[in-house]
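I have placed the structure first, in the form of structure tokens, so that the comments after it can refer back to it.
The values are calculated or read from the model by the stated rules, or taken from the named source; none is laboratory data. Quick caveat: nothing in here was measured; it's all calculated off a predicted structure. Please note: Cβ atoms are built from the backbone with ideal geometry, for glycine as well, and neighbour counts cover all protein chains shown. When the accessible area is computed, the model is the full protein with side chains, heavy atoms only, and any ligands, DNA or RNA have been set aside. Shrake-Rupley method; radii C 1.70, N 1.55, O 1.52, S 1.80 Å.
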Amino acid sequence: MSTTHTNKIDIIKAPTSKINEVDFENLSFGSVFTDHLMECDYTNGEWQKPVIKPYAPFLLDPSARVFHYGQAIFEGMKAYKDDEDAIWLFRPDENYKRFNSSAVRMAMPEVPEDVFMNGLNQLLQLDEAWIKKGKGNTLYIRPFMIATGKGVIANPSDDYKFMIILSPAKSYYSGEVKVLIAEHFSRAANGGIGAAKAAGNYAAQFYPTSLANKEGFQQVIWTDDATHTKLEEAGTMNVFFRINDTLYTAPTSERILDGITRKSLIEMAKKDGITVEVRPVLVSELVEASKNGTLKEIFGAGTAAVVNPIIGFSYQDVYYELPKIENSYASQLKEELTNIQHKLAEDTFGWTVKV
Ligand SMILES: *Cc1c(COP(=O)(O)O)cnc(C)c1O
């Protein structure tokens, strides 16, 4: 292995690449990882020197706090390669800021911008062969932090590990999605951790989602925990509703994650002349709109799938099917957003950042 020392980061290169073993045409999302990862430890009250090294499992003490008390947060972002082989990120500053607000909420140390951004840029340059050109090809980026301090003592860890791993991805097609509107379970509550990208939020969703899966629904639309009357998120995505020609989505709150795809779609839709109303949307409005034929679309929004159309929903044991429409807002906005991300359309918003 060759090691490069810089003032900022040590780079230990993998002796060989795994890239030739990977079938880039048949990637299942999030299951293949590149040759390297970036790591930075927090010990003695400070961040140590970051290192990029070969992707490999690592050892942790069985009493590490992450296993017992769940101090774990993450981000999800993507890198794209344009026709000139330049690498681009989409609004990475937003991911960085959100990562640190998640850290604060979970009583974890904030990661310095240099560690996050410089580490990410160097890692992407080293593994750039894994970013394929062409629309739909992306490299999914997963920064995360875990509590590594020893001891089954219920207070925050003294030690943490920040890492970035990379996974090549094809455009994400999740099939036809039917959703169940939550009447009992909740994803988040006021005062809780719903606005943080905390691992525990996902663990809490698995059981109610598996019950929905058994009934033939791929996802749950989460409602507010207090009354279950307001529509909040679809699975792990923000959610939009089109009634007549107006697009509705809930305001972000302590219970709703401030998605970067969500806020980008709102700005794009407004620019396209679509009326967007950001306000709480009631389950009763959705049912009413479906009954009177004004409900045209429901779609989820998030980095992994970008835009995910929903074909029907169930509420109080009644299934409501959405009409099949042409020129949907979902497909229009997805096309526009992915064109900006892949540098196939002019980025008038200034969202794309060159690596
Ligand atoms: C990550 C996430 C989203 C989507 O956020 P993006 O920044 O658009 O990827 C939405 N809801 C939840 C619960 C999430 O964890």
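Report, in debye and to the nearest 20, how large the dipole of the chain comes out about its Cα centre when Lys and Arg carry +1 and Asp and Glu carry -1 on their Cβ.
Values: 37 positive and 46 negative charges, 45 e Å.
Dipole size: approximately 220 debye.
Whole-Hz Karplus ³J(HN,Hα) for region 331-336, in order, using 6.51 cos²θ - 1.76 cosθ + 1.60 and θ = phi - 60°, x for Gly and Pro?
Per residue, the Karplus-derived 3J(HN,Hα) values read 6, 4, 5, 5, 4, 5 Hz.
Hey, with R₀ at 22 Å, roughly what FRET efficiency would residue 319 and residue 173 work out to, going by the Cβ-Cβ distance, to 0.05? Before the final figure, lay out the partial values.
Working: r = 23 Å, r/R0 = 1.03.
Taking R0 as 22 Å, the efficiency between residue 319 and residue 173 is 0.45.
Counting pairs of alpha carbon atoms under 8 Å apart in space and at least six apart in sequence, what relative contact order in percent does region 178-341 give?
Relative CO of region 178-341 lands at 24 percent.
For residue 243, enumerate residues with amide H under 5 Å from its amide H, sequence gap 5+ or separate chain, H modeled in the peptide plane.
248, 296
Report the Cα centroid-to-centroid distance between region 53-83 and region 289-318 in angstrom, as an integer.
First find each Cα centre; the distance between them is then 32 Å.
Accessible surface of residue 255 in the full protein assembly, 1.4 angstrom probe, to the nearest 10 Å²?
For residue 255, the solvent-accessible surface is approximately 30 Å².
Using θ = phi - 60° and the Karplus relation 6.51 cos²θ - 1.76 cosθ + 1.60, list the HN-Hα couplings for region 10-15 in order, rounded to whole Hz, with x at every Gly or Pro.
8, 10, 10, 7, 5, x
Below 8 Å between Cα atoms, with a sequence gap of 6+, how large is the relative contact order for the chain in percent?
On the way: 732 pairs, mean separation 62.9, N = 355.
Answer for the chain is 18 percent.
Between 168, 57, 309, where does the largest GNM mean-square fluctuation fall for the chain, given springs only between Cα atoms within less than 10 Å?
Per the Cα network of the chain with a 10 Å cutoff, 57 tops the list.
When the chain is modelled as a GNM with alpha-carbon springs shorter than 10 Å, which of 196, 129, 56 fluctuates the most?
Result: 56 has the largest fluctuation of those listed.
Where does each of 245, 35 land when they are ordered by accessible area, with a 1.4 Å probe and the largest first?
245, 35
Taking square-rooted eigenvalues a ≥ b ≥ c of the alpha carbon gyration tensor, is region 2-169 rounded, prolate or oblate, where a/c under 1.5 means rounded and, failing that, a/b exceeding b/c means prolate?
prolate
If a/c stays under 1.5 just call it rounded; otherwise compare a/b with b/c (prolate if a/b is bigger, oblate if not). Do that for region 178-341, with a ≥ b ≥ c from the square roots of the Cα gyration tensor eigenvalues.
Taking the square roots of the gyration eigenvalues as a ≥ b ≥ c, region 178-341 is oblate.
Once you put a point 7 Å from the Cα of residue 253 and another 7 Å from the Cα of residue 135, both along the Cβ direction, what distance in nm separates them?
Here the answer is 3.7 nm between the modelled labels.
Under the 0.36 nm per residue contour assumption, what length would be gained going from the current alpha-carbon distance of residue 113 and residue 278 to full extension?
Length difference between fully extended and current span is 56.3 nm.
In straight Cα distance, which aspartates and glutamates are under 12 Å from residue 291, not counting same-chain residues fewer than 8 positions off?
321
Using a 1.4 Å probe and ignoring any ligands, DNA or RNA, find the accessible area of residue 47 and quote it in Å² to the nearest 10.
The accessible area of residue 47 comes to roughly 50 Å².
Over the heavy atoms of residue 335, what accessible area does a 1.4 Å probe trace out, to the nearest 10 Å²?
Around 100 Å² of this residue is reachable by solvent.
Among rounded, prolate and oblate, which fits region 279-337 when a ≥ b ≥ c are the square roots of the eigenvalues of its C-alpha gyration tensor, a/c under 1.5 means rounded, and a/b larger than b/c means prolate?
Working: a/c = 2.03, a/b = 1.70, b/c = 1.20.
Prolate is the answer for region 279-337, as a/c is 1.5 or above and a/b outweighs b/c.
Dipole magnitude of region 2-169 about its Cα centre, charges +1 at Lys/Arg Cβ and -1 at Asp/Glu Cβ only, in debye to the nearest 20?
It works out to roughly 320 debye.
Put +1 on the Cβ of each Lys and Arg and -1 on the Cβ of each Asp and Glu in region 178-341; which of 206, 273, 327 then has its Cα farthest toward the positive end of the dipole?
206
Reachable lysines from residue 214, Cα under 22 Å, same-chain residues fewer than 8 places away excluded?
Within the straight-line limit of under 22 Å, residue 214 reaches these lysines: 178.
Where is the GNM fluctuation largest for the chain (alpha-carbon springs, 10 angstrom cutoff): 230, 18, 81?
Between 230, 18, 81, it is 18 that shows the largest mean-square fluctuation.
Mind scanning 78/135; 197/343; 13/150; 78/197; 263/324; 270/334 and naming the pairs with a C-alpha gap bigger than 18 Å?
Values: 78/135 13 Å; 197/343 28 Å; 13/150 30 Å; 78/197 16 Å; 263/324 26 Å; 270/334 14 Å.
Cα-Cα > 18 Å for 197/343; 13/150; 263/324; rest within.
Quick one: 3J(HN,Hα) in Hz for region 320-330, Karplus 6.51/-1.76/1.60 with θ = phi - 60°, rounded, Gly and Pro as x.
3J(HN,Hα) across region 320-330, in whole Hz: 10, 9, 8, x, 8, 10, 8, 6, 5, 4, 4.
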